[in-house]
Amino acid sequence: MAAADVYRKTERGQAEIASRKLKLSPRLRTMLILIDGTQPELLVKEEGEKVGAPEDFLDQLVEMGLVEKAGRAAIPAAAGEAPIAPLANEFERFRAAKDLMNVTIVDALGLKSFFFTMKLERAGTIADLRALAEPYRQAIAKADGEAAADVLARHLNEMLR
């Protein structure tokens with residue numbers, strides 16, 4: 001096992017997700033959303049490559065004060081198989097998954113996401129979100145490509161376990 005830097009959102013990064021004041025590119029915004037303080041830098045960069053983020057996306061986010069180093073983490077030999085840290089309880093998982101789906105679908109589809117977000121608003125349980133997972137993945141794939149959809153779907157599935 002090797003050690004690698006782990007990045008997390010700063011308060012400014014959290015605020016940017018809600019406010020969209022900086023007008024980040026969709027790929028950069030997606031990476032800001034996905035950085036959760038649990039994955040080593042190598043995995044974050046691999047995901048950035050899959051979604052088509054700029055090569056220096058992590059440097060850009062750090063420069064803007066949206067993410068910061070949170071420490072170091074051990075990387076298993078098969079880095080691509082490292083699990084995402086589980087959230088504490090079912091409500092926390094539900095809220096995080098719903099927020100991820102809402103923010104990323106609006107980023108990908110803009111106004112076209114209206115009907116999906118209405119379904120998402122009616123979702124009240126993790127089971128409801130699981131039922132929306134495949135339509136969500138298909139919509140992201142159509143808008144941003146299969147690679148981006150796969151990355152987001154993997155994160156969503158980890159949250160919905």
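Residue pairs whose Cβ atoms lie under 9 Å apart, separated by 6 or more positions or on different chains, with the first residue in segment 52-74 and in a strand (DSSP E or B) and the second exposed (fewer than 12 other Cβ atoms within 10 Å of the Cβ), are 72/3; 73/3; 74/1; 74/3.
Given the condition closer than 27 Å to residue 131 by Cβ, out of contact with any Pro (no Cβ under 8 Å at 6 or more places or on another chain) and at pLDDT below 85, answer yes or no: does some residue in segment 20-29 qualify?
First, the residues of segment 20-29 that are closer than 27 Å to residue 131 by Cβ: 26, 29.
Keeping just the survivors that are out of contact with any Pro (no Cβ under 8 Å at 6 or more places or on another chain) gives 26, 29.
Filter again for at pLDDT below 85, leaving none.
Within segment 20-29 (the criterion being closer than 27 Å to residue 131 by Cβ, out of contact with any Pro (no Cβ under 8 Å at 6 or more places or on another chain) and at pLDDT below 85), the answer is no, since none of the residues qualifies.
When segment 9-51 is filtered for residues that are in a loop (DSSP other than H, G, I, E, B), surrounded by fewer than 17 Cβ atoms within 10 Å (Cβ to Cβ) and hydrophobic (A, V, I, L, M, F, W, C), only 22 remains. Residue count for segment 118-132, restricted to those that are among the small types (Gly, Ala, Ser) and surrounded by 14 or more Cβ atoms within 10 Å (Cβ to Cβ): 1.
Taken together, the criteria exclude residue 40 from residues that are modelled with pLDDT under 85 and either in contact with a strand residue (DSSP E or B) (Cβ under 7 Å, 6 or more places away or on another chain) or not aliphatic (A, V, I, L, M) (or both).
Exactly one residue among 143, 153 is more than 12 Å from the chain's Cα centre (by Cα) and among the hydrophobic types (A, V, I, L, M, F, W, C), and that residue is 143.
The values are calculated or read from the model by the stated rules, or taken from the named source; none is laboratory data. Values in this document were obtained by computation on a predicted structure and should not be read as measured data. Note that we place each Cβ from the backbone using ideal geometry, even for glycine, and neighbour counts take in every protein chain shown.
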